[in-house]
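Novice: Take a look at the following structure, please.
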Amino acid sequence: MRYLRPLGLVLLALLLFVAAHGTGIDLFFHLSYLLSSIVIVAYLWAWLNLRGLSLRREVFTHRAQVGDVVRERVTLINHWFLPKLWIEVIDRSNLPDHSAGFVTYLPGYEQRRWVVRTPCTIRGKFRLGPVTLASSDLLGLFRLQRDIAGDNEVLVYPRTVPLPGFVLPGAELPGGQDLRRRAHHVTPNVAAIRDYQPGDSFNRIHWRSTARLGRLIVKEFELDPTAEVYVALDMHESVQQAWWSAEGRSAVRGQRTAESTEEYAVHAAASIARHVLDQNRAVGLIAWGQRREVIPPEREARQLYKILEALAELRAYGSASLAEVLSAESARFGRNCTLVVITPSLDGRWVTGVQHLLYRGVRVVTVLIDARSFGGGRGNESIRARLAELRVPAYTYERGQSLVAALAHTPLIALPKTSAAANVALS
């Protein structure tokens, strides 16, 4: 479509040239030459307008969190003496709400610089770039484009909030069991000593043994025997719900939205992991999304970033139900281990899996994402009733509710009056 106008001018020039030969009128010759020249000059103008240009992108924020701002600077440089009258920069980034494109005039040997600030509205790994330069001639006959390769990545972590009112039952335990497993990080429990090997950290050196034996001796550590905390995140695709506004319902169904059970569950998991680490307790993550994600419990500061990095790219594409995940990973949960289950599922089979873990001494806390508030059909009253029978705390997290408010008070675990009806619904 964009070449119809120059093609029409070329055809008109040909017709005038044929008419000039048939009639011998010089005016037709001049008009045909003029139209042909206009087409050639217009194309050369647009083609030269894209030559001698380079673009430099400087990204100042490679890792951010939902709610932060990604800053970058885009510089367009003209290396020729010829001015560029009209240059459009088209950005091909997939970061939501990112708009680094602009239109500019560029004199010879000059440059234009823009600082772009993009608010992070959703977690994930996103691409900044590549860029396409577009230009046209003065008459608008040709619109040419030139791709500039090169892109950068930015990783957006899920948002976390402090949870001062959230108390895990495992925190009341005086201790856990001695796991007798060697750890690659430093813990208070020394298991043995051995000779130094290249790559060992200097903070592992046992100086008394080194002085006594005359060679470098390092310590080996075991896992801390205090109770571990696992966060089990339900990423089963079929149980997720998303809420769309009246405008959003007509959008493409593949579009992501922050108002979904998936995003609320990830936000809760990230905040709970941060809360546990702030209490100087070991925390791990289990989630079967597009792949099986298992992070063993640790209490070091880097553990939070490992969990946030995993959660940033985690998507609810899992084919295994929460009951199947709990059954497959049950060997990881030892006696006096604390398990935090986060799910929007209304399938009562996972509650049976929780019951089996309780028999083994596992402490369980559940965070139920209310799928009905996101447009789902049923509420989770039957699930809460069954959990109340098992005396398992069940927090409810609804759309639009603050996570701090949802986890502020320990829910009542007394047996509700509707327990009989709930048993019928779950059977």
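The values are calculated or read from the model by the stated rules, or taken from the named source; none is laboratory data. Not measured: the values here are computed from a predicted model. Because the Cβ atoms are built from the backbone with ideal geometry, glycine has one as well, and the counts that use them run over all protein chains shown. For the accessible areas, the whole protein counts, side chains as well, though only heavy atoms, and no ligand, DNA or RNA atoms are used. Shrake-Rupley method; radii C 1.70, N 1.55, O 1.52, S 1.80 Å.
Novice: Kindly check whether there is at least one residue in segment 274-296 that is touching a His at 6+ places or on another chain (Cβ under 9 Å), of a type in the set (D, E, K, R) and part of a strand (DSSP E or B).
Specialist: Looking for residues that are touching a His at 6+ places or on another chain (Cβ under 9 Å), of a type in the set (D, E, K, R) and part of a strand (DSSP E or B), one finds none in segment 274-296, hence no.
Novice: Only residues that are without any contact (Cβ under 8 Å) to a residue 40 or more places away in the chain, assigned to a helix (DSSP H, G or I) and open to solvent by less than 10 Å² (accessible area, probe 1.4 Å): list them for segment 355-378, please.
Specialist: The answer is Leu357, and nothing else.
Novice: If you go through segment 379-405, how many residues are in a helix (DSSP H, G or I) and either without any contact (Cβ under 8 Å) to a residue 24 or more places away in the chain or not small (Gly, Ala, Ser) (or both)?
Specialist: Residues in segment 379-405 being in a helix (DSSP H, G or I) and either without any contact (Cβ under 8 Å) to a residue 24 or more places away in the chain or not small (Gly, Ala, Ser) (or both): 9 in total.
Novice: If a residue has to be over 16 Å from Gln240 (Cβ atoms) and either basic (Lys, Arg) or in a loop (DSSP other than H, G, I, E, B) (or both) to count, how many in segment 314-330 make the cut?
Specialist: Counting residues in segment 314-330 that are over 16 Å from Gln240 (Cβ atoms) and either basic (Lys, Arg) or in a loop (DSSP other than H, G, I, E, B) (or both) gives 1.
Novice: Considering only residues that are open to solvent by 10 Å² or more (accessible area, probe 1.4 Å) and in contact with a helix residue (DSSP H, G or I) (Cβ under 8 Å, 6 or more places away or on another chain), look in segment 309-320 and name the one that is nearest to Ala265 (Cα to Cα).
Specialist: Once the filter is applied, the top-ranked residue is Arg315.
Novice: Still on this structure: What residue, among those in segment 4-40 that are of a type in the set (Val, Ile, Thr) and out of contact with any helix residue (DSSP H, G or I) (no Cβ under 8 Å at 6 or more places or on another chain), is modelled with the highest pLDDT?
Specialist: So the residue we want is Ile40.
Novice: Also: With modelled with pLDDT of 95 or more, out of contact with any strand residue (DSSP E or B) (no Cβ under 8 Å at 6 or more places or on another chain) and of a type in the set (Lys, Arg) as the only criterion, which of Arg335, Arg360, Arg349, Arg378 stands out?
Specialist: Within the list Arg335, Arg360, Arg349, Arg378, the selection yields Arg349.
Novice: Among (1) over 26 Å from Tyr109 (Cα atoms); (2) without any contact (Cβ under 8 Å) to a residue 24 or more places away in the chain, which single condition is Ala64 missing?
Specialist: Only one criterion in (1) over 26 Å from Tyr109 (Cα atoms); (2) without any contact (Cβ under 8 Å) to a residue 24 or more places away in the chain is unmet by Ala64, namely (2).
Novice: Return the total of residues in segment 258-307 being open to solvent by 40 Å² or more (accessible area, probe 1.4 Å) and within 22 Å of Val325 (Cα to Cα).
Specialist: 6
Novice: A follow-up question, please. For segment 115-147, which positions are farther than 30 Å from Leu311 by Cα and part of a loop (DSSP other than H, G, I, E, B)?
Specialist: Asp137, Leu138, Leu139, Gly140, Leu141, Phe142 - these are the residues of segment 115-147 that are farther than 30 Å from Leu311 by Cα and part of a loop (DSSP other than H, G, I, E, B).
Novice: Ser330 - would you say it is in contact with an Asp or Glu (Cβ under 7 Å, 6 or more places away or on another chain) and small (Gly, Ala, Ser)?
Specialist: no
Novice: Show the residue pairs that are 6+ apart or on different chains and have beta-carbon atoms under 8 Å apart, the first residue being within segment 127-147 and on the phi > 0 side of the Ramachandran plot, the second being open to solvent by 20 Å² or more (accessible area, probe 1.4 Å).
Specialist: That search, which allows pairs on different chains as well, returns Gly129/Arg57; Gly129/Asp91; Gly129/Arg92; Gly129/Ser93; Gly129/Gly150; Gly129/Asp151; Gly129/Asn152; Gly140/Arg5.
Novice: To continue, here is another question. Do we find a residue being open to solvent by 20 Å² or more (accessible area, probe 1.4 Å), under 21 Å from Glu228 (Cα atoms) and in contact (Cβ under 8 Å) with a residue 12 or more places away in the chain anywhere in segment 336-350?
Specialist: yes
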